[in-house]
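Visitor: Have a look at this one.
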Amino acid sequence: MNRYIIDVLNYAELVFCLIALAALVYRKQLSNYRYLAALLSVHALTGVILMPLLLMISKRLEMHVSSHVYYHTYWYVFSLGNAIEAALGFAIIYSMFRMAMAPLKGVQSLGMLIFRWAISISLAVSFGSALLPHNITGIKFLVSLAVEMQRTQSIMTLCLLLFVCFAIHPLGLSYRSRIFGVSLGLSIKATAYLVISAWTSTYGTKHLYSANNIAGGIVTCLIFVLWTAYFIVPEPKRRIITLPTTSPFLRWNQISQVLGDEPGFVAIGGVPPELFAPAELEIMHRASRQMADNPLLQKSQSA
């Protein structure tokens, strides 16, 4: 029974994924949500590759024939796809924060800098955690890397949703905004992954046709349907931001803009004439001639 449900969910995931991608194309949002489109494309491509492998594994299990090669190939492709999707998840988080903070350029610049450092540290921790003595080579390293990247990306996704929920009205957004819809879908996926991962590590149900995989497939289909709805339904216009003078967003934006200003530069000596414009050189020559012709200016300069 579980095998039949998994097969149906695999086909449903592929169909809903392609529909969500078509919704992005229909609304001409590929440029704004290119990382989401890339994630959907990778998920669809992975599904196209995995479905024949899963079918071969099922047939060999029914015939009581060894499916060792197909099984390992399945997990290689599955883990590689999850690792790529996790990396794209980081990019989606980054782009959603950038779009949400677009009206506040100062906070946006400072926040993007912090996000870049956080993502870099998360990726470094993921690689370090995957490089355990028993995971150095082969499929174990790839699976471990995908798991660690998904775990750190899930935590950052939940933090992003928390921020968007608190700041949605001051930033001129609404719960019908696509920024919120994409963040909500990623957060549902992150929550489901953390719960399923904890359940799997506790009870050890890791085979292909487990109830965990059924739950994960159902959640994934719901997320694709959610994203399709957010992109099919017209998005409300973003409100003009009006912040009170006591708003922390306004204060942080002003501070960030001041911190981001370029410093001034002064010449400390040894400046060649080529650095000056012709008009500046002409003014200097005239000033020098006036000083040479006026003895009073020469006395004041020497004094």
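None of the figures in this text is laboratory data; all of them are computed from the coordinates on show. None of these values were measured; they are calculated from a predicted model. Every residue, glycine among them, receives a Cβ derived from its backbone with ideal geometry; neighbour counts consider all protein chains shown.
Visitor: Using the beta-carbon distance between Ile218 and His169 and R0 = 30 Å, what value does 1/(1 + (r/R0)^6) give for FRET efficiency, to the nearest 0.05?
Guide: Computed FRET efficiency for Ile218 and His169: 0.40.
Visitor: If you take the beta carbon distance between Lys237 and Val15 as r and set R0 to 22 Å, what does 1/(1 + (r/R0)^6) give as a FRET efficiency, to the nearest 0.05?
Guide: About 0.10, to the nearest 0.05.
Visitor: Sort Met101, Met51 so that the residue with the fewest other Cβ atoms within 10 Å of its own Cβ comes first and the one with the most comes last.
Guide: Ordered by Cβ neighbours within 10 Å, fewest first: Met51, Met101.
Visitor: In nanometres, what is the gap between the two model label sites at Ala198 and Arg98, each 7 Å from Cα along Cα-to-Cβ?
Guide: 3.3 nm
Visitor: Right, another one. For Val48, Val42, what's the fewest-to-most ordering of other Cβ within 10 Å of each Cβ?
Guide: By the 10 Å Cβ count, ascending, the order reads Val48, Val42.
Visitor: Mind giving me the FRET efficiency for Tyr26 and Trp117? R0 is 25 Å, r the Cβ-Cβ distance, nearest 0.05 is fine.
Guide: Plugging the Cβ-Cβ distance into 1/(1 + (r/R0)^6) gives 0.10.
Visitor: If we count other beta carbons within 10 Å of each Cβ, what is the order of Thr73, Thr228, fewest first?
Guide: Ranking Thr73, Thr228 by Cβ neighbours within 10 Å, fewest first, gives Thr73, Thr228.
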